[in-house]
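Visitor: Starting off with a structure, shown below.
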Amino acid sequence: MNPVVEKLELAEPHLANWLSTLGLDVEYVRSGGNTLFYRRADGAEIPVLDLVGGYGSVVLGHNNPEIVAYAKSLLDGGTPVHAQFSRHPYANDLAWKINGIIHREFGDPEPYSAIFANSGAEANEVAVKHAELDRVLKLAELLEGVAAHAEEARAAAGTGARLEVSAEALAALGVEGDPAREGGEGIERVLDAVDRVNAERAGTAPVFLAPEGSFHGKLIGSVQFTHNPGYRTPFTALAARCRFVDVSRPEALTEAIDEERRSLFDLQVEDGTVRVVERELPVIGAFLLEPIQGEAGIRVFDRETARRIQDACATADIPIVVDEVQSGMGRSGAFFAASHIGLRGDYITLAKSLGGGIAKAALTLVRGSRYRTDFELVHSSTYAKDSFSTLVAAKTVELLEADDGKAYRLAETRGNQLLAVLEGLRKEFGDIVADVRGRGLMLGLEFHDQSGSTSEIIREQAGAGLLGYLFSGYLLRVHSLRIFPTASATNTLRFEPSVYLTDEEIARTEAGLRGLIAVLREQDGETLLHGGAASAG
């Protein structure tokens, strides 16, 4: 007989060990609504109230019956998942549906073209990739114009044209002497210098802008726009540079834009005079932001900050990418969280709940006046725009829009009820709870720093930036609540349940949080780390 060999953990083994340490290593076997189920060692099925909601992916609940039934009908009907490079009318129908919502929520009829993807990070990279294509094409148009003007200047030099050039321009061009006195030879010297300097400046690498605290994904490109250095720093050499801006300072964005400005030299021929002028070089690719910053601790942008960003970017012709991957699809009380603050992006990205909790679907919407049709020839994805995920996404939008947007009203009312509970805890336990933030069903509860705790366990976890996960393990084991911290602000617990959150579920949430606060007040690290371990099986 062969000896029994223990199966090693090969699927992210370090993470599996970490989950085990915190008591989070349960295997969920069933789900529905706001509930996940796991089995104890004795076989009993244990329900857990899920307030993580797939990090915002199940706004209509786990395994929504209508979406599941529709998905089954698609599969039973043999829907062609792989039929690339053919007509996809259902994709166009979905784009039209969402364009109608944009028109309603923002009051602007300009259409958006739709590019399909598979995840939020990919949708954001599609937006950035399109913005870079737009920048490169604008640069090519600019260089073409400069080259044409150079030929005009050479022709003018042959007819005895005069040269006008400032001392500052001569210094920047590295031209010595006074070429204005040299006639055609002087113009040629300046032209040669313009060619040399422009060739160097035209190769300036693009830079993107984002607010401090941003999170836009963890792929090679999207991680550059994620502020947390732990995620970003090892990979900064792999993609475009992002500059993070403290948008709480009113002047910060315009300062950043001014500091990144670059120019090319051009020649202007008029009335027998050749003048050296400067043209703005397109360097800044886009400004990316989340209307509600999820991983930074659930931080909501206000209307005034949004207005400043919109104005500054419009003045500098910088496109805005509005990342609605987590905040969109009705979670804020409207389909687009940006509609609450009047911020309309040149690019809008959607994912997570777009797939109805069943499919992996994502979408990048590009304002029509910025759309480059060339992009369709240089970008594609095997699974994007497949019939199954796209039709499920359309069904999800249909359910959100049903009954005159009942789902949005539920998100607002249920969110306000949960927010009131969290605010009550903050007022009652201000020594433990630092802040409450959010909108609709995207809320955050921030705890005070515990790095000075009298408990070694609490102190060590706080020092390692893992305190929120310690809380998560306790809440799961002792109260059967699934709550996780935000990724870059782990003292903040996030709440992103479905719109079908009930009064009883809100009451269970409050009871569990009160239990957590009581243990924290006692500085009882042992209970936080090990309490209820037996019941978790």
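The values are calculated or read from the model by the stated rules, or taken from the named source; none is laboratory data. As the structure is a computational prediction, the values presented were derived from the model and not from experiment. Because the Cβ atoms are built from the backbone with ideal geometry, glycine has one as well, and the counts that use them run over all protein chains shown. Ligands, DNA and RNA are stripped out before the accessible areas are found, and what is left, the full protein with its side chains, is counted by its heavy atoms. Shrake-Rupley method; radii C 1.70, N 1.55, O 1.52, S 1.80 Å.
Visitor: Looking only at region 18-69, count every residue that is closer than 22 Å to Tyr408 by Cα, surrounded by fewer than 16 Cβ atoms within 10 Å (Cβ to Cβ) and touching a residue at least 12 places away in the same chain (Cβ under 8 Å) and tell me the total.
Guide: 2
Visitor: For region 185-198, check the following and say yes or no: at least one residue is touching a Lys or Arg at 6+ places or on another chain (Cβ under 7 Å), surrounded by fewer than 21 Cβ atoms within 10 Å (Cβ to Cβ) and either among the acidic types (Asp, Glu) or not in a helix (DSSP H, G or I) (or both).
Guide: No: zero hits.
Visitor: Checking Val136 against (1) in a helix (DSSP H, G or I); (2) in contact with a Gly (Cβ under 9 Å, 6 or more places away or on another chain), only one condition comes out false. Which one?
Guide: (2)
Visitor: Let me ask something else about it. Could you list, ordered by first residue, the pairs with Cβ atoms under 9 Å in which the first is in region 354-373 and under 15 Å from Val322 (Cβ atoms) and among the charged types (D, E, K, R) and the second is open to solvent by 40 Å² or more (accessible area, probe 1.4 Å) and part of a loop (DSSP other than H, G, I, E, B), at least 6 apart or interchain?
Guide: Pairs that qualify, where the first residue is under 15 Å from Val322 (Cβ atoms) and among the charged types (D, E, K, R) and the partner is open to solvent by 40 Å² or more (accessible area, probe 1.4 Å) and part of a loop (DSSP other than H, G, I, E, B), are Arg367/Glu110; Arg367/Pro111.
Visitor: Sticking with this structure for a sec: Considering only strands (runs of 3 or more DSSP E) fully contained in region 203-279, which possess at least 1 residues that are in contact with a Lys or Arg (Cβ under 9 Å, 6 or more places away or on another chain) and at pLDDT below 95?
Guide: 262-270
Visitor: Mind listing whichever residues of region 159-181 are surrounded by 11 or more Cβ atoms within 10 Å (Cβ to Cβ) and over 23 Å from Ala199 (Cβ atoms)?
Guide: Ala161, Arg162, Glu164, Asp178, Ala180
Visitor: In region 89-119, which residues are closer than 19 Å to Ser387 by Cα, open to solvent by less than 10 Å² (accessible area, probe 1.4 Å) and within 19 Å of the chain's Cα centre (by Cα)?
Guide: Within region 89-119, Ile98, Ala117 qualify.
Visitor: Mind telling me which of the residues Glu412, Glu428 ends up being open to solvent by 10 Å² or more (accessible area, probe 1.4 Å) and over 20 Å from Gly294 (Cβ atoms)?
Guide: Glu428
Visitor: Name the residue, out of Leu475, Leu513, Leu529, Leu493, that is out of contact with any strand residue (DSSP E or B) (no Cβ under 6 Å at 6 or more places or on another chain), touching a residue at least 40 places away in the same chain (Cβ under 8 Å) and either buried (at least 22 other Cβ atoms within 10 Å of the Cβ) or part of a strand (DSSP E or B) (or both).
Guide: After ruling out the rest, the residue left standing is Leu513.
Visitor: Looking at this structure, is Tyr500 open to solvent by 20 Å² or more (accessible area, probe 1.4 Å), touching a strand residue (DSSP E or B) at 6+ places or on another chain (Cβ under 7 Å), among the aromatic types (Phe, Trp, Tyr) and in a helix (DSSP H, G or I)?
Guide: Against the criterion (open to solvent by 20 Å² or more (accessible area, probe 1.4 Å), touching a strand residue (DSSP E or B) at 6+ places or on another chain (Cβ under 7 Å), among the aromatic types (Phe, Trp, Tyr) and in a helix (DSSP H, G or I)), Tyr500 does not qualify.
Visitor: Then there is this: So Ala127 passes all but one of these: (1) touching a helix residue (DSSP H, G or I) at 6+ places or on another chain (Cβ under 8 Å); (2) part of a helix (DSSP H, G or I). Which condition number does it fail?
Guide: Failed condition: (1).
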